[in-house]
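Contents: one structure, followed by commentary.
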Amino acid sequence: MAHVSIPSYWKTLPQRYCLIGMKCKNCGTINFPAREICISCKRKSEFAPEKLSGRGKIYSYTIIAAGSAPPEFSEQEKLAGSFPVAIILLEEGLKIVAQITDYEPEDLKIEAEVEAVFRKLYEEDKVIRYGLKFRPVKKRKSLSCEVPNWSKTNL
Amino acid sequence: MSIGILGYGVYIPRYRIGKAEYVKAWGQFAAAGIEEKAVPGFDEDSVTMAVEASMNALNHAKVDASKLNAIYFASTSSPYAEKLVSSTIAMALKAPSQVSVADFTSSTMAGTSALLMSLDFVASGRGNFALVVASDCPHADPSDFLEHPLGAGAAAFVVGEGTPMATIEDSGSATIEALGERFRKKGEKSIETLGIPAYTETIIVNTVKSSVKALLDKMGRKPSDFNFVVLPQFDGRLPSRIARKTGFEETQFIPSMIVTQVGDAGAASPLIGLAKVLDEAKPGQKVLTTSYGAGAGSDAVSIDVNEEIIKRKVAVPSTKDYLSDKKYIDYIHYLKIRKMI
Amino acid sequence: MQKVAIIGVGQTRFGNLIDKKAEELFAEAFLEALNDVDKGIDISEIQEVYIGNSGVGGGQLGNFSSLMTDYLGLTGASALRIENACASSGFAMRAAVLAVSSGVCDVALAGGEEKMNDTPRNRLRYWLGISGDMEWERLSGMTFAGVFALMAIRHMHEYGTKREHLAMVSVKNHKNGAYNPKAHLQRETTLERVLASPMIAYPLTLFDCCPISDGASATIVCRADLAKKYTDTPVYVAGHGASTDRLSVFQRNDVTSISSSVIAAKRAYKMASVKPEDIDVAEVHDCFTIAEIIAYEDLGFCPKGKGGKLLEEGQTEIGGKIPVNPSGGLKSKGHPVGATGTGQIYEIANQLRGSVEKKNRQVSDAEIGLTHNTGGSGGTTVVHILKR
């Protein structure tokens, strides 16, 4: 049974835990996920880490029906049934794919504003794999402004 | 420049289960004074809750994670019995690699232990900024009444040098060897109790009374010198019982009560209660935060609120915001996502 | 460069063929292709063998081609297993055509085979996911249907395509497949039934997804100038083209189009010196209903975004302007992953020769046909243009 090995998963933790994109020093394109050859200028480049804000909008989505998810998510399916997965267009202009969590059915629409949250993705061989999901941005009742985004913490 | 609380934040999961669901299932809700409690989602645990509370705290304090020198995590429900989850939190916050980390576990006193430790860390000069996050979702067997009040939540504090919104003046502590009132043997998933409520309550009251007395004696203060007191809130009635025996009034502890809506959030409860108080506190007011950990121990921490508290009302969700963001679930759903069936 | 002709084609029934081993299936298709060479051919004339197989379920993953040549009595030929997910045998065909074009051989065999139904359903989920982005899409819980669902939702948002349009693809292809004795599913269906069937990945229902099939197909190709030695009805490979796209759908600039299809088709049209409107019949890759609608646009059968309209107007029915998937497509004919590509060649060759078994599936006067075979969510695509 193939799977993403721990060393492979570990290599991507900066992306999975804290949305670090790699900015190409040649052309300025943010490569996410990280790669050797810049996707834009197609040259082996040097990259500078850049933390993405975690804010974005739903670009497209689907709801994966319970019973069909990849094997890593069979536990989740049992607990929580079918779940939405979306392509999110991040503020920085690039796209990411992730589950949507803490949502109501009406939150699933294109252009809906979402923000990254740190959650459990799945467990394999008793090791918990954490990563990012996205949840709908909500206006807080007591404040006139929205929940602050990630980027303010770790510039 | 002084050392104290530069900022804080909480996280309470949005899912709630109400008293009525338990009554339907069990004929009663054995959680005195609790209306409803918070439930972590299927993809949440004490680590994920800690990350969000920590981000709120760092935002509130306007301290970048790259400045942290220590990260302390406190919980009785870490997903690992052995693995540093403060490391996971450090990575998620993108703290620098060279930080001091520690996981405080084993009792619901862990939150205040970690808070005091972070103060000592900065005061000793070993570092400038420390993050302490208490995050908990205690677990018991669903057929045990002990399970009924158990909830979930997290609170984080950034302690460091600067213009703090609140300063930690002093603390008192106490310990009593106590057997069987709340415990979880190694390898067990659920907390247990010998089931002698009067015995349990006596121990809690005596231990807290002792730590409070230690502090008051040290500081030459009376209970009425404090505007607010955060008391152990394992259920909704306990704080008033402890208050009566320690000389505090309802007006002092009511503002810190979160258990009625969140349930027993273990090691996080004292710190969430403190956060709720600080959300409303005015400069010059004094807060006494107490904790209790089974086995047993208690901390009593005296906190002075400074001028800075007014200036720092930045765009971070308050305790009230999290308390009012709720989605109710039924008992079956609860059992499923808490992996009890 | 030599021109290439198809001199024989064969295909097994596609379906749940539990009692046949992989090599038996391929042998069946091969023997039919051999038999289809109406003036006869000696097996020893086949010098190059290319068999598409994506390895679902494991099995003979190493030296698969040697297992096949052994079973077929082709030991001694140069043989290769080709894997490009669902486009494996389309690319096997391409390899065979290139081998003959290059002059390195006169006759080559291309084909494909897949057994999917002897893998337990829960393990099958894993195998269905290996052709996509393993790290990011899969670990976000994405499934193969889910990736196409994302394309559908976006297509619906940008162009007003409706769930009903998706269902129409299914209805049309089931209608065609009902008259294909080799189809996996030979039963017509209705729009209502498709819309009401269980959701797999919103908005795609069970009836928007192709079935899990076993099967094999084979094509024998040779130098065009030698074709008449073997058959009076050769079908010529007028053009071909292939391309790749970003593996992960979320990395693509436009998720309502599969750029590997667009580029592969452009290359094929150029080589064949034809335009999309010259195509008389096509077999396109409808692994999911949305994929067929997107294919109409990618292949230039209609402007971008107008795929739903083309369908609504009935233009892609048999008898319409551009009949698509007269075999029933992947939706009804079935999709044994490795065998689909040369299965499409089988259908188009028969359409161009006028030798389709059931006459109500026969497109009349088809001169130029097109096959469109895509791997996974579009990571690879190969297009062939055939002429009679």
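Any idea which of (1) part of a helix (DSSP H, G or I); (2) in contact with a Gly (Cβ under 7 Å, 6 or more places away or on another chain); (3) crowded, with 22+ Cβ neighbours inside 10 Å is the one B:Lys276 doesn't satisfy?
The single condition B:Lys276 does not satisfy is (2).
Residue by residue through region B:204-217, note down the ones that are surrounded by 18 or more Cβ atoms within 10 Å (Cβ to Cβ) and under 15 Å from B:Arg244 (Cα atoms). Spell out the reasoning first.
Within region B:204-217, the first condition is being surrounded by 18 or more Cβ atoms within 10 Å (Cβ to Cβ), and the residues that meet it are B:204-205, B:207-212, B:214-216.
Once the filter is applied, which keeps residues that are surrounded by 18 or more Cβ atoms within 10 Å (Cβ to Cβ) and under 15 Å from B:Arg244 (Cα atoms), region B:204-217 yields B:Ile204, B:Val205, B:Thr207, B:Val208, B:Lys209, B:Ser210, B:Val212.
Of the residues C:Val100, C:Val49, only one is farther than 23 Å from C:Asn117 by Cα, over 19 Å from the mean Cα position of the chain (by Cα) and crowded, with 24+ Cβ neighbours inside 10 Å; which?
Details: C:Val49 fails: over 19 Å from the mean Cα position of the chain (by Cα).
Selected residue: C:Val100, the only one of C:Val100, C:Val49 that is farther than 23 Å from C:Asn117 by Cα, over 19 Å from the mean Cα position of the chain (by Cα) and crowded, with 24+ Cβ neighbours inside 10 Å.
Just checking, how many residues over region C:98-115 are assigned to a strand (DSSP E or B), among the small types (Gly, Ala, Ser) and farther than 12 Å from C:Ile82 by Cα?
So the count comes out to 1.
Output the qualifying pairs, or none if there are none: Cβ atoms under 7 angstrom, residues six or more apart or on different chains, first residue in region B:29-50 and more than 23 Å from B:Ala81 (Cα to Cα) and more than 12 Å from every other protein chain (Cβ to nearest Cβ), second residue of a type in the set (S, T, N, Q) and surrounded by fewer than 22 Cβ atoms within 10 Å (Cβ to Cβ).
B:Gly33/B:Thr260; B:Ile34/B:Thr260; B:Glu35/B:Thr260; B:Glu35/B:Gln261; B:Glu36/B:Gln261
When residues of region C:1-20 are filtered for being farther than 14 Å from C:Asn350 by Cα and of a type outside the set (D, E, K, R), how many remain?
Number satisfying all stated conditions: 9.
Taking region C:176-202, which residues are within 14 Å of chain A (Cβ to nearest Cβ) and either touching a residue at least 12 places away in the same chain (Cβ under 8 Å) or on the phi > 0 side of the Ramachandran plot (or both)?
C:Ile200, C:Ala201, C:Tyr202
Being among the charged types (D, E, K, R) and either in a loop (DSSP other than H, G, I, E, B) or out of contact with any strand residue (DSSP E or B) (no Cβ under 9 Å at 6 or more places or on another chain) (or both): is that true of C:Arg187 here?
yes
Taking into account only those residues within region C:62-97 that are among the aliphatic types (A, V, I, L, M) and not in a helix (DSSP H, G or I), which is nearest to the chain's Cα centre (by Cα)?
Residue satisfying both the conditions and the ranking: C:Ala87.
Among the residues that make up region B:233-240, is at least one of them free of Cβ contacts under 8 Å to residues at least 24 places away in the same chain, in contact with a helix residue (DSSP H, G or I) (Cβ under 8 Å, 6 or more places away or on another chain) and crowded, with 22+ Cβ neighbours inside 10 Å? Give the steps one after another, and end with the answer.
To start, the set of residues in region B:233-240 that are free of Cβ contacts under 8 Å to residues at least 24 places away in the same chain comprises B:239-240.
Filter again for in contact with a helix residue (DSSP H, G or I) (Cβ under 8 Å, 6 or more places away or on another chain), leaving B:239-240.
If we keep only those that are crowded, with 22+ Cβ neighbours inside 10 Å too, we end up with B:239.
Within region B:233-240, one or more residues are free of Cβ contacts under 8 Å to residues at least 24 places away in the same chain, in contact with a helix residue (DSSP H, G or I) (Cβ under 8 Å, 6 or more places away or on another chain) and crowded, with 22+ Cβ neighbours inside 10 Å.
Cβ contacts < 8 Å: first residue acidic (Asp, Glu), restricted to region B:53-70; second residue not in a helix (DSSP H, G or I), any location; separation 6+ or different chain. Result?
Cβ pairs passing all conditions: B:Asp64/A:Thr153; B:Asp64/A:Asn154; B:Asp64/A:Leu155.
Select, from A:Tyr9, A:Tyr59, A:Tyr17, the only residue that is more than 12 Å from chain C (Cβ to nearest Cβ), touching a residue at least 40 places away in the same chain (Cβ under 8 Å) and at negative phi.
When all the criteria are applied, what remains is A:Tyr17.
Being surrounded by fewer than 24 Cβ atoms within 10 Å (Cβ to Cβ) and within 21 Å of B:Val301 (Cα to Cα) is the filter here, so list the residues in region B:129-164 that pass it.
Residues satisfying the conditions are B:Glu161, B:Gly162, B:Thr163.
Residues in region B:74-83: is at least one buried (at least 24 other Cβ atoms within 10 Å of the Cβ), of a type in the set (Asp, Glu) and out of contact with any helix residue (DSSP H, G or I) (no Cβ under 7 Å at 6 or more places or on another chain)?
No, because not a single residue in region B:74-83 is buried (at least 24 other Cβ atoms within 10 Å of the Cβ), of a type in the set (Asp, Glu) and out of contact with any helix residue (DSSP H, G or I) (no Cβ under 7 Å at 6 or more places or on another chain).
Kindly indicate which of A:Leu52, A:Leu79, A:Leu108, A:Leu94 is buried (at least 20 other Cβ atoms within 10 Å of the Cβ) and either more than 8 Å from chain C (Cβ to nearest Cβ) or in contact with a Ser or Thr (Cβ under 6 Å, 6 or more places away or on another chain) (or both). Let's see the steps before the verdict.
Working: A:Leu79 fails: buried (at least 20 other Cβ atoms within 10 Å of the Cβ); A:Leu108 fails: buried (at least 20 other Cβ atoms within 10 Å of the Cβ); A:Leu94 fails: buried (at least 20 other Cβ atoms within 10 Å of the Cβ).
Step by step, each of A:Leu52, A:Leu79, A:Leu108, A:Leu94 is checked, and only A:Leu52 is buried (at least 20 other Cβ atoms within 10 Å of the Cβ) and either more than 8 Å from chain C (Cβ to nearest Cβ) or in contact with a Ser or Thr (Cβ under 6 Å, 6 or more places away or on another chain) (or both).
For region A:25-49, name all the residues that are closer than 18 Å to A:Lys95 by Cα, more than 12 Å from every other protein chain (Cβ to nearest Cβ) and in contact (Cβ under 8 Å) with a residue 24 or more places away in the chain.
Across region A:25-49, the qualifying residue is only A:Ile30.
Read-outs throughout are calculated quantities, based only on the coordinates presented, and are distinct from any laboratory measurement. All values derive from a computational prediction rather than experimental measurement. Neighbour counts are summed over all protein chains in view; Cβ atoms, including those assigned to glycine, are modelled from backbone coordinates with ideal geometry.
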